[in-house]
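K.L.:
Would you mind keeping the following structure in view while I ask a few things?
The values are calculated or read from the model by the stated rules, or taken from the named source; none is laboratory data. Keep in mind the model is a prediction, meaning the values are calculated, not measured. Cβ placement follows ideal geometry from the backbone for every residue including glycine, while neighbour counts extend to all protein chains displayed. SASA here: full protein model, heavy atoms, side chains in, ligands and nucleic acids out. Shrake-Rupley method; radii C 1.70, N 1.55, O 1.52, S 1.80 Å.
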Amino acid sequence: MINNFGSSPSENINSSVQLLEFAFADAITKITTEKKKRIAVLKGNGELADKYQADYLLNLKEYYQLGEFNLDSLQDNPQKILENLNRFDLCSYRETH
């Protein structure tokens, strides 16, 4: 049970029930997902270093299959970049700005 100081007992109960509902829905989603979508995590274009994205990537990993995609390795071949990116369902990057 959540026990936030300054909140009434009914507010704490309400928060606890909501957290429990979320935990059940999240668990059901994780066990019923047959195939995780594939996300390309873009690298090599000025993105944040992994240590700054660790929490973000760990949370994504619970729901998606992640694959590192280094843009520098194919910078002279845009067609090949597009072909390789088409193997993923989504691309993710976080700008450094």
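K.L.:
Search segment 35-50 for residues being of a type in the set (D, E, K, R) and not in a helix (DSSP H, G or I), and hand back the single one that is most open to solvent (accessible area, probe 1.4 Å).
P.N.:
As a first pass, look at segment 35-50 and keep what is of a type in the set (D, E, K, R): 35-38, 43, 47, 50.
Filter again for not in a helix (DSSP H, G or I), leaving 35-38, 43, 47.
Details: Lys35: 164, Lys36: 85, Lys37: 118, Arg38: 81, Lys43: 30, Glu47: 33 Å².
Once the filter is applied, the top-ranked residue is Lys35.
K.L.:
Okay, next question. Every residue in segment 1-11 that is at pLDDT below 85 and under 32 Å from the mean Cα position of the chain (by Cα), please.
P.N.:
Across segment 1-11, the qualifying residues are Met1, Ile2, Asn3, Asn4, Phe5, Ser7.
K.L.:
Right, here's the next one. Would segment 71-87 turn up any residue that is aliphatic (A, V, I, L, M), in contact with a strand residue (DSSP E or B) (Cβ under 8 Å, 6 or more places away or on another chain) and not in a helix (DSSP H, G or I)?
P.N.:
Yes, segment 71-87 contains a residue that is aliphatic (A, V, I, L, M), in contact with a strand residue (DSSP E or B) (Cβ under 8 Å, 6 or more places away or on another chain) and not in a helix (DSSP H, G or I).
K.L.:
For segment 24-34, which positions are of a type outside the set (Lys, Arg) and either part of a helix (DSSP H, G or I) or open to solvent by 90 Å² or more (accessible area, probe 1.4 Å) (or both)? Break it down stepwise before answering.
P.N.:
First, pick out the residues of segment 24-34 that are of a type outside the set (Lys, Arg): 24-29, 31-34.
Those that are of a type outside the set (Lys, Arg) and either part of a helix (DSSP H, G or I) or open to solvent by 90 Å² or more (accessible area, probe 1.4 Å) (or both): Phe24, Ala25, Asp26, Ala27, Ile28, Thr29, Ile31, Thr32, Glu34.
K.L.:
Taking segment 11-23 as the region of interest, how many residues are among the aromatic types (Phe, Trp, Tyr) and either over 27 Å from Tyr64 (Cα atoms) or surrounded by fewer than 10 Cβ atoms within 10 Å (Cβ to Cβ) (or both)?
P.N.:
Of segment 11-23, the ones among the aromatic types (Phe, Trp, Tyr) are 22.
In the following step, the residues that additionally are either over 27 Å from Tyr64 (Cα atoms) or surrounded by fewer than 10 Cβ atoms within 10 Å (Cβ to Cβ) (or both) were identified as none.
Summing the residues that are among the aromatic types (Phe, Trp, Tyr) and either over 27 Å from Tyr64 (Cα atoms) or surrounded by fewer than 10 Cβ atoms within 10 Å (Cβ to Cβ) (or both) in segment 11-23 gives 0.
K.L.:
Six or more apart or on different chains, Cβ atoms under 7 Å: show the pairs whose first residue is in segment 5-33 and under 19 Å from Asn59 (Cβ atoms) and whose second is part of a helix (DSSP H, G or I) and among the hydrophobic types (A, V, I, L, M, F, W, C).
P.N.:
none
K.L.:
Given the conditions (1) under 15 Å from the mean Cα position of the chain (by Cα); (2) without any contact (Cβ under 8 Å) to a residue 12 or more places away in the chain; (3) open to solvent by 50 Å² or more (accessible area, probe 1.4 Å), and given that Ala54 satisfies all but one, which numbered condition is not satisfied?
P.N.:
Tallying (1) under 15 Å from the mean Cα position of the chain (by Cα); (2) without any contact (Cβ under 8 Å) to a residue 12 or more places away in the chain; (3) open to solvent by 50 Å² or more (accessible area, probe 1.4 Å), Ala54 fails exactly one: (3).
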